[in-house]
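Report on the following structure.
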Amino acid sequence: MNVMRCKKCGEKAAVQMKQHNLALCRGHFSEWFMEQTERSIHKYRMFKMDERVLVAVSGGKDSLALWDVLAKLGYDTVGLYIHLGIEEAEGYSDHSMALAQAFAAARRLRLEVTHVPDRYGESIPQMAARTARGRHRACSVCGVVKRHSMNEAALRLGCGVLATGHNLDDEAAVLFNNTLSWSVDMLLRQSPVLPESPGFPRKVKPLCRFYERETAAYAILNGIEYVYEECPHAVGSTSLVNKALLNQLEQQSPGSKLRFYSTFLKAKAQGAFVSAAEGNPEPPLQFCPRCGQPTTTAGLCLFCRLVGGHTPEA
Ligand code: Q46
Ligand code: ZN
Ligand code: ZN
């Protein structure tokens, strides 16, 4: 059997990327991964060296790989772990927090923790049981709480930029979902970089062009210990179903996911969805009278309605 060789040095290859027709050894793969991340940061004008970046870390491979790369590239970063109070799967939140803390301690990086049950008096599953309906009710309240917590931490810690570890598989699955319903609003908002607006940091996804298997390879090759399991509430989610479908497509035709996503970004840059959005302008932003964060609804924002009297930000 032919041994795959690194395209740069001829050593045994550790990772093969069919979509780029490229195979690389351990060292050259990590080098390539860092260069490509830097390239995306520049290409999409995500942030500069003098900006402080809040990196949202979940304890998973993507967000820890992202933090590792940004720190090695010399960016000024602070990590944020949001403890959701998920006790299923043998203490999922405690376990993933411990991994994020160990990662930060080993690299002497600053990690902030927002502990949702301590701070707001309820875990995500408890909030969901009290308020939400539907199959993935934990996820619907989780989205609201995470968004609020990330904005709040960015403001408090003086970070104008919020970076998340979304990879190409995540972005392609969201794009697929938005395309199935031709949701123009969502398609317009889906981007590697969302500009800042009053009360909101700029939101960036520097790993958006990497396949999930590449971020996993980076994490493993760089000795990053991460939580392998998905959040127990993700089971059966639309996103996982879409990912499985796109994986089938990718197997038949390597590079499909990257083509799907990058041609979408190109079409959008050429104004593909602009006229559709013109007749349907976004509602003006207002500010929540309790927490001060921007909201599109009059009165309390979604988050403040959800946590009710528990918020210490009142
Ligand atoms: S963490 Fe939260 Fe996800 Fe868990 S409860 Fe759902 S949304 S699945 S990314
Ligand atoms: Zn090599
Ligand atoms: Zn509010």
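Each reported figure results from applying straightforward, stated rules to the coordinates on display, with no laboratory input. The model shown is predicted, which means the values in this text are computed figures rather than measured ones. Counting neighbours? That spans all protein chains shown, and the Cβs are built from the backbone with ideal geometry, glycine included.
Tabulated results
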read-out	value
Relative contact order, percent, the chain [alpha-carbon distance under 8 Å, six or more residues apart]	19
Degrees separating the helix 212-221 axis from the principal Cα axis of the chain, which is the longest one	70
Förster radius 35 Å - calculated FRET efficiency between LEU249 and VAL274, Cβ distance, rounded to 0.05	0.80
Tail fraction, Cα-Cα pairs, segment 172-314, threshold 18 Å, whole percent	71
Partners for LYS7 among lysines (Cα-Cα distance below 26 Å; same-chain residues under 8 apart left out)	LYS18, LYS43, LYS61, LYS72, LYS257
Neighbour-limited loop hits for chymotrypsin sites (Phe, Trp or Tyr not before Pro), segment 112-198 (at most 15 other Cβ within 10 Å; DSSP other than H, G, I, E, B)	TRP182
Length released on extending from THR297 to ASP76, taking residue separation times 0.36 nm less the Cα-Cα span	76.1 nm
Within segment 49-178: Cβ-based charge dipole about Cα centre, in debye rounded to nearest 20 (Lys, Arg +1; Asp, Glu -1)	240
Translational diffusion of the chain, µm² s⁻¹ [Kirkwood Rh, Cα pairs; Stokes-Einstein; 4 °C; 1.567 mPa s]	62
Kirkwood-based shape ratio for segment 1-84, expressed as Rg/Rh from alpha carbons	1.07
In Hz, Karplus ³J(HN,Hα) per residue of segment 39-55 (6.51, -1.76, 1.60; θ = phi - 60°; x = Gly, Pro)	4, 5, 4, 6, 4, 9, 6, 6, 6, 10, 4, 8, 9, 8, 10, 8, 9
Efficiency of FRET between SER140 and GLU88 - r from beta-carbon atoms, R0 22 angstrom, step 0.05	0.80
In order through segment 260-270: 3J(HN,Hα) via Karplus (6.51 cos²θ - 1.76 cosθ + 1.60), integer Hz, x for Gly, Pro	4, 6, 6, 6, 4, 4, 5, 4, 5, 4, 7
Relative contact order for segment 84-172, counting Cα pairs under 8 Å that sit 6 or more residues apart, in percent	21
Under DSSP loop assignment and at most 14 Cβ neighbours within 10 Å, longest GluC sites (Glu not before Pro)-free interval of the chain	88-195
ARG259-CYS9 FRET efficiency (beta carbon distance; Förster radius 45 Å; 0.05 resolution)	0.95
Gyration tensor verdict on segment 118-214 (Cα atoms; rounded if a/c is under 1.5, prolate if a/b is larger than b/c, oblate otherwise)	oblate
Relative contact order %, segment 171-314, counting alpha carbon pairs below 8 Å whose residues are six or more apart	23
Over the chain: helical MRE at 222 nm, DSSP H runs n ≥ 4 each giving -39500 (n - 2.57), nearest 500	-15000 deg cm²/dmol
Segment 1-61 and segment 88-152: distance between their alpha carbon centers, rounded to Å	29
